[in-house]
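Below is one structure; the comments refer to it alone.
The values are calculated or read from the model by the stated rules, or taken from the named source; none is laboratory data. These numbers were taken from a predicted model, which means no experiment stands behind them. Note that we place each Cβ from the backbone using ideal geometry, even for glycine, and neighbour counts take in every protein chain shown.
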Amino acid sequence: MAIINDENTPQPALQKEPEPGSVSVSATNLSVREGNSAGTYTVTLDVDPTENVTITASSDNGYVSTQPSSLAFTTGNWQTAQTVTVSAGQDADRTDDAATISYAARGGNYDSVAVASMSVSVTDDSDRAVLEAFYQGTGGRIWTNVGNWRSDKPLNQWRSVTTNGSGQVTHLSLRNNGLIGSLPAALGKMESLQVLTLDRNNISGSPPVELGNLSNLTRLAMNRNSLTGAISSQLGNLPNLSILGLAEQWSQPRKRGL
Ligand SMILES: [Ca+2]
Ligand SMILES: [Ca+2]
């Protein structure tokens, strides 16, 4: 009698169903400051893929993006975590924003596998861009005291800058600090500004008409500079302006500290 299924007889290999794919994301929420890249995280495959896998990211906010936008895992490198960086562009408004990054997986046993989405909160930072323009326009590189200007520190740690609870600049007071050149029109975007004190510098030109947009401005002091030209009538119409100091303008450059 023939013996079948003897333990020495090779058995046909079982046709195993591939294990369903699974993706790990190292974080599901992060914060980024407008105009910056931040908050790197990693994406990893948990299960051996049957073929190459692509994971594509998409953002529901046009100002928020990921680098790279698409991750390629092969059957050889699938165990290696891949790093993603989130960037937030500078938008025109002055409010904080949010974004959700969603992922779509394609390929082999990962086709349509669900991947946890990423919640991104964006801290608006438009005033930082204005201060950068101010620094550039008034010879920041040769200021007497630069403090933390242009650093990554919060704006209220920059020399002579005060902010409100939302991080918007309310006071900018740089007296006798070697400022030269002219005021940038961008200053008119700093809508929360209440006090602008720039006495005893060497600022030339005429104050930009855009300063007339600063409806919260109570004090504008630029005594003892080198201003010329007409003072825009819009400055006189600022609803909250109670002090406007533009005395003693010099027509020639002069030494600091006078
Ligand atoms: Ca903004
Ligand atoms: Ca915004």
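I need every pair where a residue in the range 21-37 that is at positive phi has its Cβ under 7 Å from the Cβ of a residue that is basic (K, R) and within 16 Å of ligand 2 (Cβ to nearest atom), sequence separation at least 6 or different chains.
Matching pairs, first to second residue: G35/R128.
Residue by residue through the range 154-180, note down the ones that are buried (at least 17 other Cβ atoms within 10 Å of the Cβ) and at positive phi.
Within the range 154-180, G167, G178 meet the criteria.
Among (1) under 17 Å from the mean Cα position of the chain (by Cα); (2) of a type outside the set (S, T, N, Q); (3) within 16 Å of ligand 2 (Cβ to nearest atom); (4) surrounded by fewer than 17 Cβ atoms within 10 Å (Cβ to Cβ), which single condition is E191 missing?
Unmet for E191, out of (1) under 17 Å from the mean Cα position of the chain (by Cα); (2) of a type outside the set (S, T, N, Q); (3) within 16 Å of ligand 2 (Cβ to nearest atom); (4) surrounded by fewer than 17 Cβ atoms within 10 Å (Cβ to Cβ): (1).
Go through the range 223-237 and count every residue that is assigned to a loop (DSSP other than H, G, I, E, B) and either under 12 Å from W250 (Cβ atoms) or without any contact (Cβ under 8 Å) to a residue 12 or more places away in the chain (or both).
Matching residues across the range 223-237 total 4.
For the range 99-126: of the residues being out of contact with any Ser or Thr (no Cβ under 7 Å at 6 or more places or on another chain) and part of a helix (DSSP H, G or I), which is nearest to ligand 1 (Cβ to nearest atom)?
Selected residue: S126.
Please count how many residues of the range 164-196 are more than 17 Å from R219 (Cβ to Cβ) and assigned to a strand (DSSP E or B).
2
Kindly provide the set of residues from the range 127-153 that are within 16 Å of ligand 1 (Cβ to nearest atom) and either of a type in the set (V, I, T) or surrounded by fewer than 20 Cβ atoms within 10 Å (Cβ to Cβ) (or both), ordered by number.
Listed by number, the residues that qualify are A129, V130, E132, A133.
When the range 88-114 is examined, which residues are found to be near ligand 2 (Cβ under 10 Å from one of its atoms) and of a type in the set (V, I, T)?
T95
Tell me, which strands (runs of 3 or more DSSP E) lie completely within the range 34-76 with 1 or more residues that are farther than 30 Å from E17 by Cβ and not aromatic (F, W, Y)?
Because the criterion is at least 1 residues that are farther than 30 Å from E17 by Cβ and not aromatic (F, W, Y), the strands (runs of 3 or more DSSP E) in the range 34-76 that meet it are 36-45, 53-59, 64-67.
Is it fair to say T85 is surrounded by 16 or more Cβ atoms within 10 Å (Cβ to Cβ) and either more than 16 Å from the chain's Cα centre (by Cα) or part of a strand (DSSP E or B) (or both)?
It is false that T85 is surrounded by 16 or more Cβ atoms within 10 Å (Cβ to Cβ) and either more than 16 Å from the chain's Cα centre (by Cα) or part of a strand (DSSP E or B) (or both).
From the list L174, L217, L187, exactly one residue is touching a strand residue (DSSP E or B) at 6+ places or on another chain (Cβ under 7 Å) and either touching a residue at least 24 places away in the same chain (Cβ under 8 Å) or not assigned by TED's automatic domain parsing to the domain that holds N61 (or both). Which is it?
The match here is L217.
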